[in-house]
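K.L.:
Here it is: the structure, laid out below.
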Amino acid sequence: MIISHQFDQPGIHFFTPNELSQQLAYIHHPIGKIIQPHVHNPVPRQVVYTQEVLFIRKGKLRVDFYNNQQQYLDSRVLETGDVVLLITGGHGFEVLEETEMIEVKQGPYVGEEDKTRFQGITAKQAKIVK
């Protein structure tokens with residue numbers, strides 16, 4: 001799921017369904033909007049697959065998407081200000097310009113037990129979707 005740096009809607013816009021273990025929303029409020037103070041209640045959750053969000057702070061990279069059977073689907077180019085939520089399946093990247101990202105995902109991280117690496121496509125094989 002990719003949110004373009006050009007996305008702009010007033011209010012709160014959730015891109016994810018309530019049942020997804022990683023929630024992603026765009027929030028755009030006017031000056032003076034009050035968000036009531038709150039705490040989050042302890043709610044037990046079971047996370048089976050790691051989902052991650054990448055915020056592209058600077059640069060440009062190609063993300064290659066694969067299904068759960070490690071078969072290539074397509075690619076997209078992300079640039080400064082874009083956000084991607086990696087929900088399911090596989091993914092790989094090629095940095096096209098020097099890139100800075102912020103990653104947010106569920107923890108705790110268990111090192112190499114957390115992922116299965118596989119051979120991806122080459123740049124020539126990339127089918128870039130706009």
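We did not get these values from a lab; they are worked out from the coordinates using the rules stated. Being a predicted model, the structure only gives us computed values, none of them experimental. Backbone-built Cβ (ideal geometry, glycine too); neighbour counts: all protein chains shown.
K.L.:
Pull out the extension gain between Glu113 and Phe15, defined as 0.36 nm times the separation in residues minus the alpha carbon to alpha carbon distance; nm, one decimal.
P.N.:
Between Glu113 and Phe15, full extension yields an extra 32.4 nm.
K.L.:
Let me ask another. Specify whether the C-alpha gyration tensor of the chain places it in the rounded, prolate or oblate class, a ≥ b ≥ c being the square roots of the eigenvalues: rounded for a/c under 1.5, otherwise prolate if a/b is larger than b/c and oblate if not.
P.N.:
Oblate, because a/c is 1.5 or more while a/b does not exceed b/c.
K.L.:
Using Cβ counts within 10 Å as a stand-in for footprinting exposure, how do Ser4, Ser21 rank, fewest first?
P.N.:
Ser4, Ser21
K.L.:
While we're looking at this one, here's another question. Under a point-charge model restricted to the Cβ atoms of Lys and Arg (+1) and Asp and Glu (-1), what is the dipole moment magnitude of the chain relative to its Cα centre, in debye to the nearest 20?
P.N.:
200 debye
K.L.:
Turning to a different aspect of this structure: Find which of Thr122, Tyr26, Asn67 sits farthest along the positive direction of the dipole of the chain, computed with +1 on the beta-carbon of Lys and Arg, -1 on that of Asp and Glu, about the Cα centre.
P.N.:
So the residue furthest toward the plus end is Tyr26.
K.L.:
I've got another one for you. Run through the stretch 14-114 and list the GluC sites (Glu not before Pro) located in a DSSP loop whose Cβ has at most 10 other Cβ atoms within 10 Å.
P.N.:
Qualifying residues, ordered by number: Glu19.
K.L.:
Next question. Want the number for Gln106 to Ile34: 0.36 nm per residue separation, take away the alpha-carbon distance, what's left?
P.N.:
So the extension gain works out to 23.0 nm.
K.L.:
Another question about this same structure. Which of Val95, Val84, Val53, Val48 comes first, and how do the rest follow, when ranked by fewest Cβ neighbours within 10 Å?
P.N.:
Ascending number of Cβ neighbours within 10 Å: Val48, Val95, Val53, Val84.
K.L.:
Next question. Treat the count of other C-beta atoms within 10 Å as a stand-in for reagent exposure and order Lys33, Lys124 from fewest to most.
P.N.:
Starting with the residue having the fewest Cβ neighbours, the order is Lys124, Lys33.
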